[in-house]
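Written below as structure tokens is the structure these notes are about.
The values are calculated or read from the model by the stated rules, or taken from the named source; none is laboratory data. Please read these numbers as outputs of a predicted model, since none were measured by experiment. Here the Cβ is made from the backbone with ideal geometry for all residues, glycine too, and neighbour counts use every protein chain on show. The accessibility values were calculated without ligands, DNA or RNA, using every heavy atom of the protein model including side chains. Shrake-Rupley method; radii C 1.70, N 1.55, O 1.52, S 1.80 Å.
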Amino acid sequence: MNAPASTTAPPTTPGRDCAPTDHLTISPSILYFGTPVALLTTLNPDGTANLAPISSAWALGHTVVLGLGAESRTAANLAERREVVVSLPSPGLWAAVERLAPLTGADPVPAAKREVYRHEPDKFAAAGLHPQDSEAVGPPRVAECPLQLEATVRTVSPAGPDGGFRIVECDVVRVHASASVVVPGTQHVDPAAWSPLIYSFRHYFGLARPELGHGFRSQTAGRAAAG
């Protein structure tokens, strides 16, 4: 006698059974495949603040690595004064970030930027954002951003086939976080409350909700719910 057919689907192996089979070989003009937006504040030679959005940043431990255009005002400022504030906006600030996108603090505007960029001396005002005094470095923070990292610059290195980029390694010396994104009674950012603004292939996104799971080294799993 044959056994009845099972009504339960067999388990799948992530990455194997569900792997796509329709890959195309492509040549995209950009590789912004999804990184948090960062707003960088540096000091101009006259002591005023420059504010610039970037979408190439990552962190390891207390080191933050930034990718900049070599001709940017930010790169020039960091070559002179090795202090920067990395402010991380939430998704609701995407329009302010986009208002900054076509602006440059460089004057005159570099030839390669003139078609799409214009000089703006007061980027905070142009974006509708507000400076907030820092505690350990000279450049101000962006008041509206839930996470703000004060940092000093360790190294600035050329990158790219034509040297058109700068890779900047920074040591974070002070972290500020809105109480709304901190697990109460701890030093931890609440990942259920914090959502970075993501720039993916020149489009803005927030993190998808709800949470899918947590890593085995998470220090906040269950903490937010318990609080």
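Just to be sure before I move on: is Ile167 closer than 26 Å to Gly67 by Cβ and in contact with a Phe, Trp or Tyr (Cβ under 7 Å, 6 or more places away or on another chain) in the structure I sent?
On the way: closer than 26 Å to Gly67 by Cβ: yes; in contact with a Phe, Trp or Tyr (Cβ under 7 Å, 6 or more places away or on another chain): no.
Judged against the criteria, Ile167 is not a match.
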- [ ] Output the residues belonging to the stretch 1-52 that are part of a loop (DSSP other than H, G, I, E, B), within 23 Å of Ala127 (Cβ to Cβ), of a type in the set (A, V, I, L, M) and at pLDDT 90 or above.
- [x] Val37
TODO: Spot the failing condition for Asp133; the list is (1) farther than 22 Å from Val65 by Cα; (2) open to solvent by 80 Å² or more (accessible area, probe 1.4 Å); (3) at pLDDT below 95, and only one is missed.
DONE: (3)
- [ ] Hey, could you check the stretch 84-130 for residues that are among the hydrophobic types (A, V, I, L, M, F, W, C), open to solvent by less than 20 Å² (accessible area, probe 1.4 Å) and assigned to a helix (DSSP H, G or I) and say which is nearest to Arg202 (Cα to Cα)?
- [x] Val97
- [ ] Would you mention how many residues in the stretch 168-227 are touching a His at 6+ places or on another chain (Cβ under 8 Å) and closer than 17 Å to Ser90 by Cβ?
- [x] 2
Task: Meets criteria (of a type in the set (A, V, I, L, M, F, W, C), more than 14 Å from Ala38 (Cβ to Cβ) and in contact with a helix residue (DSSP H, G or I) (Cβ under 9 Å, 6 or more places away or on another chain)) for Val168 - done: no
Task: The one condition in (1) in a strand (DSSP E or B); (2) surrounded by 16 or more Cβ atoms within 10 Å (Cβ to Cβ); (3) of a type in the set (Ser, Thr, Tyr) that Ser157 fails to fulfil - done: (2)
Open item on the list: Out of everything in the stretch 136-145 that is aliphatic (A, V, I, L, M) and surrounded by 16 or more Cβ atoms within 10 Å (Cβ to Cβ), what residue ends up being farthest from Val172 (Cα to Cα)?
Closed with: Val142
Open item on the list: Please determine whether any residue of the stretch 135-143 is assigned to a loop (DSSP other than H, G, I, E, B), under 17 Å from Trp58 (Cα atoms) and either in contact with a Phe, Trp or Tyr (Cβ under 7 Å, 6 or more places away or on another chain) or among the small types (Gly, Ala, Ser) (or both).
Closed with: no
Open item on the list: Every residue in the stretch 53-79 that is touching a strand residue (DSSP E or B) at 6+ places or on another chain (Cβ under 6 Å), free of Cβ contacts under 8 Å to residues at least 60 places away in the same chain and in a loop (DSSP other than H, G, I, E, B), please.
Closed with: Ser56
Task: Scope the stretch 170-212; condition of a type in the set (Asp, Glu) and either open to solvent by 70 Å² or more (accessible area, probe 1.4 Å) or touching a Phe, Trp or Tyr at 6+ places or on another chain (Cβ under 6 Å) (or both); matching residues - done: Glu211
